[in-house]
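*Asks:* Below: one structure in structure tokens.
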Amino acid sequence: MPNADDLWIEPLNQEPVPLRIAVVTETYWPDINGVAKTLGLAVQGLLNKGHEVTLFRIKPARSAVVLGDESGTGMSLAQTEVLGLPIPFYPELRIGMPAQRRLLRAWAHRRPDVVHIATEGPLGWSALKAAKRLKLPVVSEFRTNFHAYSTHYKMAWLKGPIQSYLRRFHNGSTVNLVPTQRLADELRVLGFERLQVIQRGVDTDVYSPSKRSMALREQWGAAPDDVVLLCVSRLAPEKNLIQVIRAHAAIQAQCPRVKLVLVGDGPERDRLMAMAPNAIFTGYQSGEALAQHYASADVFAFASQTETFGNVTLEAMASGLCVVAFDHAAAHTLIEEGVNGRKLPLHDAQGFVRAVGEVCMASDLRQRLGHAARRTSEAQSWASIVAQLETTYRDLLPTRTL
């Protein structure tokens, strides 16, 4: 009879079972905004890991190519579209029409393991109610400070009601994802519950100093030794772009060869063009063109104080730019003052102008900070973000026995 010490037991194969994930959102590719971009990257990461993802979204305003099987997993993204209406003060973004019955039918027919709601409009509310009725776990995301936006559109009286709605929505979810610990702390004070921090990622192959284009700089009228000050943003009141324009005007008084390039579009375009007639307004850019715009600049100035994260900050850092921003959102989390960028106290307008001027006038300083920013971005891979998201989903599932 064999000795027990001689026995070898083959371990059970415990490969994680692929998940069925229902994603509900009122914005998605080809929309151009931070929510659409980062959600799309997260979904693609989940597909690459073999999960089955179904997307419930607003019918896109322009033609889009359905995201397919780019990973060789044999899985593609099934999409269901609903009608949407533009938001009055944000016409580029739309809200979906209620669709609870449609969602109930779809999920009763093929029950998802988890429902992931990215936006809090009527479509998202319908998804929350349908998921609760079917007793499905819900992961929702706090991605946009709509209650803060109201003060920038002369509708400050809406701030309280919007905040109450958002709190009710998110407190009905099983888990609420936020991109920074500071935002989690702020929301907790406002009564939001079950908050979990998962940051945003960046593709450092797409956003890279190697994408620098001298031809693009020539289009901007920038000589090799000129300094290009860049901001990538929706041209809207809540983005505080007037602060960037003021910083550029102050610098030009000392150094006329500093160029200002504003990438993006929005309701403030005409006003900003009148304020900065010498600035270069490129309109929306995406993909390779956007990566080249980042890498072909020298300094990134971002004055917004209403972001939940601010993906552009991380994209600029990955592109090797010295970022000047207020101590808020992604800058608060990722920038160490004077080490890998410049970070100013909130509302310190004079300090912002001064910091932009200092890095524009000192090539050694901005290059050192830009190199360090690139190294910081390399630790923010999308693979790690998707892995955290996957763990969050699995933690919500009932315990399975063999």
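Every number here is computed from the coordinates shown, using simple stated rules; none is lab data. What you see is a predicted model; the values in this text were computed from it and never measured. Positions of Cβ are backbone-derived with ideal geometry, glycine not excepted, and every protein chain shown enters the neighbour counts.
*Asks:* Can you list the residues, at least 5 places off or on another chain, whose amide H is less than 5 Å from the amide H of VAL24, using H built in the peptide plane?
*Replies:* Long-range HN contacts for VAL24: PHE56, HIS116, ILE117, ALA118.
*Asks:* Could you give P(r) for the chain, binned at 10 Å from zero, as whole percent values over all Cα-Cα pairs?
*Replies:* 4, 21, 30, 23, 13, 5, 2, 1, 0, 0
*Asks:* Now for a different question. Work through the residues other than ALA222 whose Cβ is under 15 Å from its Cβ and net out their charges, Lys, Arg +1 and Asp, Glu -1.
*Replies:* It works out to a net charge of +1.
*Asks:* Amide H of SER319 versus every other amide H placed in the peptide plane: which residues, excluding those fewer than 5 positions away on the same chain, fall under 5 Å?
*Replies:* none
*Asks:* Then there's this: Which cross-chain or sequence-distant (5 or more) residues have an amide H under 5 Å from the amide H of VAL232, H modelled 1.01 Å from N in plane?
*Replies:* For VAL232, the qualifying residues are VAL263.
*Asks:* A follow-up question, please. Over the Cα atoms of the stretch 209-377, Rg to Rh with Kirkwood Rh, two decimal places? Spell out each step's value before the answer.
*Replies:* Working: Rg = 14.1 Å, Rh = 15.4 Å.
Answer for the stretch 209-377: 0.91.
*Asks:* Put +1 on the Cβ of every Lys and Arg and -1 on every Asp and Glu Cβ in the stretch 209-377; which of CYS231, PHE326, LEU260 then has its Cα farthest towards the positive end of the dipole?
*Replies:* LEU260
*Asks:* Calculate, axis by axis, the spread of Cα positions in the stretch 308-402 along the three principal axes, and write the results as whole Å, longest axis first.
*Replies:* Projected onto its principal axes, the Cα set of the stretch 308-402 covers 65, 27, 17 Å.
*Asks:* Also, quick follow-up: Please give the Cα centre distance for the stretch 302-337 versus the stretch 18-34, rounded to the nearest Å.
*Replies:* 24
*Asks:* Something else now. Among the DSSP beta bridges whose two residues both lie in the chain, what percent are antiparallel, rounded to the nearest 5? All intermediate terms of the calculation are to be shown ahead of the outcome.
*Replies:* On the way: 5 of 48 bridges.
The antiparallel proportion sits near 10 percent.
*Asks:* Check the straight Cα-Cα distances from LYS129 and name the aspartates and glutamates below 19 Å, setting aside those fewer than 8 residues away within the same chain.
*Replies:* GLU26, GLU81, ASP113, GLU120, GLU141, GLU193
*Asks:* Oh, and also: Please report TYR294, TYR393 as a ranked list, fewest other C-beta atoms within 10 angstrom at the top and most at the bottom. Working shown, then result.
*Replies:* Values: TYR294 26, TYR393 18.
Final ranking by Cβ density, sparse to dense: TYR393, TYR294.
*Asks:* Give me the percent of Cα-Cα pairs in the stretch 289-348 that sit more than 16 Å apart, rounded to a whole number.
*Replies:* Percent of Cα pairs beyond 16 Å in the stretch 289-348: 35.
*Asks:* Okay, next question. Checking the cross-link filter: which lysines have an alpha carbon closer than 28 Å to that of LYS239, excluding same-chain neighbours under 8 positions apart?
*Replies:* LYS37, LYS59, LYS154, LYS159, LYS211, LYS259, LYS343
*Asks:* Using the alpha-carbon centroid of each, what span in Å lies between the stretch 211-252 and the stretch 341-402?
*Replies:* Measuring centre to centre over Cα atoms gives 21 Å.
*Asks:* In sequence order, what are the phi-derived ³J(HN,Hα) couplings for the stretch 267-278 according to the Karplus relation 6.51 cos²θ - 1.76 cosθ + 1.60 with θ = phi - 60°, rounded to whole Hz, with x for glycine and proline?
*Replies:* Once θ is set to phi - 60°, the couplings for the stretch 267-278 become x, 8, 4, 4, 5, 5, 5, 5, 6, 10, x, 8 Hz.
*Asks:* How big is the dipole moment of the stretch 295-402 about its Cα centre under a simple scheme where the beta carbon of each Lys and Arg is +1, that of each Asp and Glu is -1, and everything else is neutral? Debye, nearest 20, please.
*Replies:* 180
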